[in-house]
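Just so it is clear, none of the values below were taken in a lab; they were calculated from the coordinates. Keep in mind the model is a prediction, meaning the values are calculated, not measured. Positions of Cβ are backbone-derived with ideal geometry, glycine not excepted, and every protein chain shown enters the neighbour counts.
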């Protein structure tokens with residue numbers, strides 16, 4: 001894990017389109033995090049919250065919700081990039097999300113990013129970053145998402 005890439009202008013962001021932003025540190029997804037996410041969302045499907053039943057299921061253990069994995073992206077992003085000189089940044093949405101592989105309990109995840117688009121919007125800039133979340137020892141990503149962030153100057 002390196003330091004986040006620091007940008008000081010929309011021009012610098014535009015110049016970085018297509019560039020790899022590196023990877024974040026590892027984050028463990030334990031059963032407590034899965035259970036808290038289930039409580040927050042009301043999604044208590046056994047494959048997520050019942051270790052005994054899940055042990056007999058297709059993955060041999062509980063797995064994280066796909067949307068839990070997606071919700072970790074804002075915690076990874078500050079390790080990938082920082083935009084200075086802005087009043088605020090807001091998550092504007094997600095263009096596309098896929099969950100190619102499950103996240104078994106106890107997995108360690110990290111994210112990598114690539115700037116896909118930069119455009120000017122009233123009062124600031126809109127940034128599309130393709131985030132790929134991988135599981136340590138996994139052969140496929142666990143989440144690939146095109147996140148959309150707006151920075152207001």
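Looking at the range 2-113, what strands (runs of 3 or more DSSP E) fall wholly within it and have at least 3 residues that are touching a strand residue (DSSP E or B) at 6+ places or on another chain (Cβ under 8 Å) and under 17 Å from residue 146 (Cα atoms)?
Of the strands (runs of 3 or more DSSP E) lying wholly inside the range 2-113, those with at least 3 residues that are touching a strand residue (DSSP E or B) at 6+ places or on another chain (Cβ under 8 Å) and under 17 Å from residue 146 (Cα atoms) span 20-23, 88-98.
I'd like to check something: does the range 91-114 contain any residue that is closer than 19 Å to residue 13 by Cβ and surrounded by 20 or more Cβ atoms within 10 Å (Cβ to Cβ)?
yes
Residues are listed down the side, and each one gets a yes or a no for (1) touching a residue at least 40 places away in the same chain (Cβ under 8 Å); (2) surrounded by fewer than 13 Cβ atoms within 10 Å (Cβ to Cβ); (3) touching a helix residue (DSSP H, G or I) at 6+ places or on another chain (Cβ under 6 Å):
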position: 21; (1), (2), (3): yes, no, yes
position: 29; (1), (2), (3): yes, no, no
position: 44; (1), (2), (3): no, yes, yes
position: 67; (1), (2), (3): no, no, no
position: 84; (1), (2), (3): yes, yes, no
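Being crowded, with 18+ Cβ neighbours inside 10 Å and touching a helix residue (DSSP H, G or I) at 6+ places or on another chain (Cβ under 7 Å) narrows it down to one residue among 77, 62; which is it?
Being crowded, with 18+ Cβ neighbours inside 10 Å and touching a helix residue (DSSP H, G or I) at 6+ places or on another chain (Cβ under 7 Å) holds for just one of 77, 62, which is 62.
Can we say residue 36 is surrounded by 15 or more Cβ atoms within 10 Å (Cβ to Cβ), at negative phi and either over 16 Å from the mean Cα position of the chain (by Cα) or touching a residue at least 24 places away in the same chain (Cβ under 8 Å) (or both)?
For residue 36, the condition - surrounded by 15 or more Cβ atoms within 10 Å (Cβ to Cβ), at negative phi and either over 16 Å from the mean Cα position of the chain (by Cα) or touching a residue at least 24 places away in the same chain (Cβ under 8 Å) (or both) - is not met.
Identify, please: which residue in the range 138-153 is crowded, with 17+ Cβ neighbours inside 10 Å and under 15 Å from residue 86 (Cβ atoms) and is, among those, nearest to the chain's Cα centre (by Cα)?
149
Restricting the search to the range 114-153, which residues are under 30 Å from residue 51 (Cα atoms) and in a strand (DSSP E or B)?
Step one: of the range 114-153, the residues under 30 Å from residue 51 (Cα atoms) are 131-145.
Of everything in the range 114-153, those that are under 30 Å from residue 51 (Cα atoms) and in a strand (DSSP E or B) turn out to be 131, 132, 133, 134, 135, 143, 144, 145.
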